[in-house]
Amino acid sequence: MGMLSRFKDIMASRVGDVFDKADQPEKVVRETLRTLTLDLGKVKSETASLLEEEKRIKRALNECRSNRDKMERYARRALEGGHEDDARAYLEKKAALTAQVSELETSYKQVSAQAVQMKQMQDKLISDIGELEARSYTLKAKMTAAKVKGEIGATHTVFEQADRALFEAEALAELRSDPLDAIEEQPETGKPEVDIDADLEALKERMKKN
């Protein structure tokens, strides 16, 4: 599962919660920023792999659907030529291809849902990194102001201004992120039972109407 196994944790995490409880905020910012950057790299890599898998399954699905429809046409031609046994054989192949189509459709939906989740994680990590960078800038501004003033009491107003800037950065980061609930994976479905005789009769009826 890779990074997908951490989907809920990443989407529910709040950078501010970790930061506010830290005794050494500068150190926490550096370490957390490093971790989030590594996670973002992994997410991007896994997303690229998922998108390739999605394309592969889509190609296989389209090919399988085409072959299924081809068997239907072959069965129709066989009936038109009076070869009912051949028509039955084509319909049996069609039934097998129909089952494969169902399996590929399920796989495609699952991979597509996973790709959506990866995109959500990527957006969330980018937002968190942006918030951390804003906090880092604010911290440096506070420390610089404290050194210039030379005393703790004189930095009170500067801290208020820095806190206001931090609040604005957090609000902007929150507006940019819109985490969605994890998309539930599509349940696997069993192969449908196919009545070849019924399928054959249905084909005959359709041919009579045309």
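The values are calculated or read from the model by the stated rules, or taken from the named source; none is laboratory data. The model shown is predicted, which means the values in this text are computed figures rather than measured ones. Counting neighbours? That spans all protein chains shown, and the Cβs are built from the backbone with ideal geometry, glycine included. Just the protein is used for accessible areas: all its heavy atoms, side chains included, with ligands, DNA and RNA removed. Shrake-Rupley method; radii C 1.70, N 1.55, O 1.52, S 1.80 Å.
List of remarks:
- Among the residues of segment 29-57, those identified as in contact (Cβ under 8 Å) with a residue 40 or more places away in the chain and either of a type in the set (Ser, Thr, Tyr) or closer than 27 Å to Asp199 by Cα (or both) are Thr32, Thr37, Thr47.
Yes/no per residue for (1) open to solvent by less than 70 Å² (accessible area, probe 1.4 Å); (2) under 17 Å from the mean Cα position of the chain (by Cα):
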{"position": "Arg6", "(1), (2)": "no, yes"}
{"position": "Gly16", "(1), (2)": "yes, no"}
{"position": "Glu31", "(1), (2)": "no, no"}
{"position": "Leu40", "(1), (2)": "yes, yes"}
{"position": "Cys64", "(1), (2)": "yes, no"}
{"position": "Glu72", "(1), (2)": "yes, no"}
{"position": "Asp85", "(1), (2)": "no, no"}
{"position": "Glu92", "(1), (2)": "no, no"}
{"position": "Ser102", "(1), (2)": "yes, no"}
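Table: residues versus (1) open to solvent by less than 30 Å² (accessible area, probe 1.4 Å); (2) assigned to a helix (DSSP H, G or I); (3) within 30 Å of Ser49 (Cα to Cα); (4) at pLDDT 90 or above.
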{"position": "Thr98", "(1), (2), (3), (4)": "no, yes, yes, yes"}
{"position": "Ser112", "(1), (2), (3), (4)": "yes, yes, yes, yes"}
{"position": "Leu132", "(1), (2), (3), (4)": "yes, yes, yes, no"}
{"position": "Glu151", "(1), (2), (3), (4)": "no, no, no, no"}
{"position": "Gln161", "(1), (2), (3), (4)": "no, yes, no, no"}
{"position": "Phe167", "(1), (2), (3), (4)": "no, yes, no, no"}
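- Members of segment 1-60 found to be aliphatic (A, V, I, L, M), more than 20 Å from Ile126 (Cα to Cα) and assigned to a helix (DSSP H, G or I), listed by number: Ile57, Ala60
- Residue that is surrounded by fewer than 14 Cβ atoms within 10 Å (Cβ to Cβ), modelled with pLDDT under 65 and among the hydroxyl-bearing types (Ser, Thr, Tyr), where the choices are Thr144, Thr157: Thr157
- Selection count where residues are of a type in the set (A, V, I, L, M, F, W, C) and within 17 Å of Leu200 (Cβ to Cβ), scope segment 48-96: 9
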